[in-house]
Amino acid sequence: MTFLIAYQAHGEWIWGGEMRIRGHTEKSGDNEARVMERLRLRLDVQAIIDEELRAELRLASGTSNRSANQTLGDSSAPGAPRRIFGLDLAYMEWKPAFFAKFDLGKIPQLHYRPGASSILLDENISLEGGGGVLDYTWLDTWRVALAGGSVIVRENYDTYYSVANSNNMINWAQVRGQWQAGRYRVTAGGGFFNYTSLKGKKFSDLVNGGTANGNTTSLTGTIANPYLAREYFMEGFIPLSAVDLSVFFERIENHETPDCNWAIWSGMSLAHKTWEAQVAYAEVKPDPVPALFTNADLAGGTTDARGWVITARWKASPNLNLKLWQFVNRIQASTVNKEYNKTYLDLSASF
């Protein structure tokens, strides 16, 4: 009631949403291609309470931890039933100063993602916990940002013995610096993501229906390694006469395994008014990150994979986009090295 009174006196509503229809084709090895139609719907509302405080609620289709897609005609729920529309974001954001913000609840990701990288965390994952960003610019040339947070994956309280075991968390921090001269920009930084207490857990204990998806398993089928991912990245933006060019590189290393496991994401993008295109190469060893949380699109959401991601987007109007994705990947790269290709065609409308 206090919140509602304060809001009615000082705040405003901001409504928004997005609907995306996706044509999806994928082919693995010698198997026949699978063709699907998928839908994603998001509805968002923000309450701007005052200059320092806002709250956001977002609902989304789907049930996966790293996808809001709903497959139409899904064989697990055929006959065009009502589809699930559930809680995607629900958090408060406090801005005590122009360079600081802090989020608490079911929050969006706050770390910088060079070239839209999703290797550390799939971009669709909403986190449960808290985080903050300090972002300061001076002389219109230099910018420094420090971000960090702690979010929970699974609570491990033993109700039978009334013992509080170590929870599974993602504790993370990232720092970056940026130099800018006119429209030219160079950004560089690094950080760490500590996925705590995973070793010895079942994959399905952490995500419903979770499997190894390329990660190393123990003889009993549990997670074999700890995961402390260290990240290093650089990104440059260069305005050319006709287009804007971006180049990016990210490397992720996990030294908690017997041999260092690493991943890279590198590429370039071009943009001009109503269109943009990107070409990127990714290579992911078996254990730089937990496959349960990595990019669900690249190589089908697995580690021990490599390949190319090519995208092209055309902005038909301010609220209507058409985007083509092409994935030319290899899965189980260290063993059978199987071909895995996917094509998406997305029609997205925002409102």
Can you tell me the dipole magnitude for the chain around its Cα centre, using point charges on the Cβ only (Lys, Arg +1; Asp, Glu -1), in Debye to the nearest 20? 600 debye
Once you order the gyration tensor axes a ≥ b ≥ c over the Cα atoms, which shape class does the range 67-168 get: rounded for a/c under 1.5, otherwise prolate or oblate by comparing a/b with b/c? oblate
DSSP loop (so not H, G, I, E, B), at most 11 other Cβ within 10 Å: list which chymotrypsin sites (Phe, Trp or Tyr not before Pro) in the range 13-108 pass both filters. 98
Quick note, the range 1-141: a/c under 1.5 would make it rounded; otherwise a/b > b/c is prolate and the rest oblate (a ≥ b ≥ c, C-alpha gyration tensor); here it is oblate
Packing-based ranking, highest mean first, of 275-287, 31-43, 214-226 given that Cβ atoms within 10 Å are counted: 275-287, 214-226, 31-43
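Given a Förster distance of 22 Å, report the FRET efficiency between residue 171 and residue 202 from their Cβ-Cβ distance, rounded to the nearest 0.05.
Approximately 0.55, to the nearest 0.05.
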Length released on extending from residue 316 to residue 15, taking residue separation times 0.36 nm less the Cα-Cα span: 106.1 nm
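Place the peptides 310-323, 48-61, 109-122 in order of packing, highest mean first, counting for every residue the other Cβ atoms within 10 Å and averaging per peptide.
Packing proxy ranking, top to bottom: 109-122, 48-61, 310-323.
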Computed over the Cα atoms of the range 283-338, the Rg and Dmax in Å are 14.4, 46
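Full-extension gain between residue 218 and residue 180, please, as 0.36 nm times their residue separation minus the C-alpha to C-alpha distance.
Working it through step by step, the gained length comes to 8.9 nm.
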Between residue 39 and residue 347, what is the label-point separation in nm under the 7 Å Cα-to-beta-carbon projection? 1.3 nm
Once a ≥ b ≥ c are taken as the square roots of the eigenvalues of the Cα gyration tensor of the range 191-346, is the result rounded (a/c under 1.5), prolate (a/b larger than b/c) or oblate (a/b not larger than b/c)? prolate
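Of 327, 249, how do they rank once you tally other Cβ atoms within 10 Å and put the fewest first?
Listed from fewest to most nearby Cβ atoms, that is 249, 327.
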As a quick test, which of the pairs 285/338; 273/315; 201/338; 106/285 have an alpha carbon distance above 20 angstrom in this structure? 201/338; 106/285
Near the amide H of residue 154, under 5 Å away, which other amide H atoms are found, from residues 5 or more places off or on another chain, if H is placed in the peptide plane? 168
Calculate, in whole percent, how much of the Cα-Cα pair population of the chain lies beyond 37 Å. 20 percent
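Read the figures in this text as sums done on the coordinates, not as results from a lab. Worth saying up front: this structure is predicted, and the values here are computed from it rather than measured. Glycine also receives a Cβ, built like all others from the backbone with ideal geometry; neighbour counts cover every protein chain displayed.
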